[in-house]
Amino acid sequence: MKIDEVKTDMWFKAMDSWFGMCRHMAEKPSSSKANKLYYELYVKYYERLISATEKGNIVVHPTSVPTEIIYAMDLVPMLVTSSTWQMAYSLKMFDKVLAIAKDYGIMDETCSVHRMIGAFAFKGWFPKPVAFVYAAGGCDAFCGSSRLLSHLYDVPTYCIDTPYHYTGQDIAYLTLQLDEMVNLLEETTGRKMDWDRLKESITIAQKQMELFQEIRELRKAVPSPMENRRAWQLNWFNWIYAGSDDGVAFFRTLRDELKERVEKGVGVPGVEEKFRLLDLFMAPAHSFKLLDWMQKERGANIVSETLIRYDNDVVLNPDKPLESLARKWAGGPLWNELQGTTDDVVRAAVEDAKAYKVDGAIWWDNNSCRQCGCIRMTRDGLLDKIGIPTALVTCDIMDPAFTTYDEMKDSLAQFFELLDSRERS
Amino acid sequence: MVMKVAGIDIGELTTKVVILEEGNILYHGIAITADKAEIAARKAIEIALQHTNLAMLDLSYVLATGMTRNGVSFANDTKTIITCLAKGVRRLFPDVRTVIDVGAESAAVFNIDGAGRVDSFTLNDKCGAGSGVFLESMAKMLEMSIEDMVDEALRADKAVTISNTCTIFAEQEVLSYTFAVPPVPMAEIVAGIHESLASRIFGLAKRVRIVPEVVLCGGVAKNRAFVKSLNKRVESELLVPEEPQIISALGAALLAAESATVIKGN
């Protein structure tokens, strides 16, 4: 089965709504400099995608592909996860899209991210790309949804085979995989890799990574200076603006803003820090306002996310661009935790909990996500090694009907009472 | 003046009230939750006041718990169910380390450390097959009372396996046993129903830790067949309070007493 036609009307409709929302957020008088820039750049990203839709040079990818490669080939990367979420959010149609997925036989047991990707693909609502690229590791459901996209749109796909560990040999293998990805994109798009441009973007990516680490360091301050939802913004930009001046500009603006707060000894405006929390998994995309609620109403600052971090030893070398990207990928956000053993996850959680002086941790127990299978080990690790309790919040990353906003709020309220009583005793 | 306080737990099916007088239980009662939180709570507290010949003004402090606790306008404060359960269970079983609470439409399991602090909890409010409503629906389908189902299950030497985790599909499975040729004894079917619920609750409990002493509370703790099935899985002896349904209301009342004492002291 192939789709009959690509119907981008929905995509453009979603863009209109999204742009309106972004501009409104950017122009809010209370919006900080970093906030304004975030929304401006988000608009810019999608404007570029709209223009690429017309030119036909989009490469679709999930958060597992070094986008520096795509940019350096003068192609435009489209992050399928955030695009899916953004479209469903802008059009307020989470339920409808999930119902479409069901109509096409995608079972509820499948992660809602992939159900949504499938629904959009079956309907032909994504713009037609020149290729799909994805990685097999971490979230391996992408192997299914990306192949489905590729099949329905009848375009070539490349899967980066990812090693389980990241030893020297594994990095060499990953580098080879990226090299093959470049070859495939050259073959299928007719474009050539601009190696100088790639080297240049590696230099920028190094700067970006350093800023990222600085931001993480600043969050160790008491009170923590960063808004809870900001970490996920950093994560998205780390992919969609990888190795770009715009990415550096956002990271730098945010760094400066946080630095100023830390120097003044103040936290997030209007927030009195009561709890410092470690975030162990992905908060539901439809309810980020929950992150605002816990911070503003309960003084619960998320100070670190184990999924959004770089290993300290990741250093990029522009003279070895693909190897550098392999290292950045393997030791960077999402994949350094999603791939490999649970022991590594526990180790990272314990390290962060100590370094950031957290009072508790939160695991967003996402429905149908196999990564949530290791909750018990992580929770026991944190409790046994350093006495840190973990809240387990049942939710679905894309389906707001699975656990309601109020149910999640109640779960968190129970946890805050637990932390309160521990503090008192 | 002797201090009296009340704890109210608004559950999905029933509202529980405990009134304490100087720390001792003066009254405990259960009313059907047929209305919104405010009305259910008012009705339940009115019954309690009638029984005790008290007026609302005689209560120094009222604390509400349960999912809809914030809808009770006359409560001085609210606390979440885990906090109240922990308080209530500790009062009855000071050495408790694991609490399993199985209510009509939800279940919770949590651990308490030596200092009485809750350190892990997990909830099931997503699936009817993991709560009392599972037994209710099976009893209805088999046209038996819960009590008869319990008696029958306790007579069984073995139990059928109900493999479906969904109440609706489990019903079909039970039906297939009732019409099987040769017939499956009803005792084995109802024993299987209790085993199925116990297995789900045990699975939930394994998400935290099962450390003795283990206390089972909530309405389903009154079901002897369920207690027997769960006890087989939990390695230590399950402790069941005499009135397992009122534990969170008791905890709420104990917390109310603490708050009232602080206010009085000030």
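A few comments on the model shown:
- Here the accessible area is traced with a 1.4 Å probe on the protein chains. For the protein assembly as shown, carbon and sulfur cover 51 percent of it.
- Pairs beyond 25 Å (Cα-Cα), from A:LYS123/A:LYS409; A:LYS28/A:LYS357; A:LYS274/A:LYS354; A:LYS220/A:LYS274; B:LYS16/B:LYS206; A:LYS13/A:LYS207: A:LYS123/A:LYS409; A:LYS28/A:LYS357; B:LYS16/B:LYS206; A:LYS13/A:LYS207
- The residues of the protein assembly as shown have, on average, 41 Å² of accessible surface per residue, using a 1.4 Å probe with all protein chains present.
- Taking trypsin sites (Lys or Arg not before Pro) across region B:76-175, the ones in a DSSP loop with at most 12 further Cβ atoms lying within 10 angstrom of their Cβ are B:LYS158.
- For region A:34-91, with +1 on Lys and Arg beta carbons and -1 on Asp and Glu, the positive-most of A:TYR45, A:ALA72, A:TRP85 along the dipole: A:TRP85
- Angstrom value of the Kirkwood radius, inverse mean 1/r, which spans all Cα pairs in chain B: 19.1 Å
- Residue among B:ILE193, B:THR78, B:LEU154 farthest towards the positive dipole end of the protein assembly as shown, charges placed on Cβ: B:THR78
- Reachable aspartates and glutamates, given that their alpha-carbon falls under 14 Å from the alpha-carbon of A:LYS96 and they are not under 8 places away in the same chain: A:ASP108, A:ASP399
- Among the residues of region B:201-232, those with an accessible-area drop of 10 Å² or more from chain alone to full protein complex, heavy atoms and 1.4 Å probe, are B:LYS206, B:ARG207, B:VAL208, B:ARG209.
- Between the alpha-carbon centres of region A:169-206 and region A:355-393 there is a gap of 36 Å.
- Principal-axis tilt of helix B:167-178 within chain B, Cα atoms, nearest 10 degrees: 40 degrees
- Among the protein heavy atoms, those of A:GLU263 account for about 140 Å² of accessible surface (1.4 Å probe, every chain in place).
- Degrees separating the helix A:342-355 axis from the principal Cα axis of chain A, which is the longest one: 50 degrees
- GNM flexibility winner over chain B from B:ILE247, B:ILE112, B:ILE19 (Cα, springs under 10 Å): B:ILE112
- List of region A:387-413 residues, accessible area with partners at least 40 Å² below that of the chain alone (1.4 Å probe): A:LEU392, A:GLU407, A:ASP410
- The A-B contact accounts for approximately 2100 Å² of buried accessible area, totalled over both chains at a 1.4 Å probe radius.
- Overall form of region A:101-197 per C-alpha gyration tensor (a/c, 1.5; a/b vs b/c): oblate
- Region B:27-114: chymotrypsin sites (Phe, Trp or Tyr not before Pro) falling in loop per DSSP and having at most 14 other Cβ within 10 Å: B:PHE74
- Once the Cα atoms are used to define both axes, helix B:132-141 deviates from the longest principal axis of chain B by about 50 degrees.
- For region B:94-240, radius of gyration divided by Kirkwood radius, i.e. Rg to Rh on alpha-carbons: 1.00
- The distance from the alpha carbon centre of region B:210-250 to that of region A:283-308 is 35 Å, rounded to a whole number.
- Bins of 10 Å from zero: percent of alpha-carbon pairs in the protein assembly as shown: 3, 14, 22, 23, 18, 13, 7, 2, 0
- Computed over region B:1-53, the alpha-carbon pair-distance distribution with 10 angstrom bins reads 28, 52, 18, 1, each value a whole percent.
- Cα gyration tensor of region B:41-169 - equivalent ellipsoid semi-axes, whole Å, descending: 33, 22, 15
- Orientation-averaged projected area, Cα convex hull of region A:277-421 (nm²): 9.3 nm²
- Expected-Rg normalisation [2.2 N^0.38 Å, Cα atoms] applied to region A:185-325: 1.20
- Going from the chain on its own to the full set of protein chains, region B:86-122 has these residues losing 20 Å² or more of accessible surface (heavy atoms, 1.4 Å probe, no ligands, DNA or RNA): B:ARG117, B:VAL118, B:ASP119, B:SER120, B:PHE121.
- Straight-line cross-link reach from A:LYS192 at under 20 Å between alpha-carbon atoms covers these lysines, not counting any fewer than eight positions away in the same chain: A:LYS55, A:LYS320.
The values are calculated or read from the model by the stated rules, or taken from the named source; none is laboratory data. Given the structure is predicted, the values throughout are model-derived calculations rather than measurements. Counting neighbours? That spans all protein chains shown, and the Cβs are built from the backbone with ideal geometry, glycine included. Just so you know, the surface numbers come from the protein's heavy atoms only, side chains and all, with ligands and any DNA or RNA stripped out. Shrake-Rupley method; radii C 1.70, N 1.55, O 1.52, S 1.80 Å.
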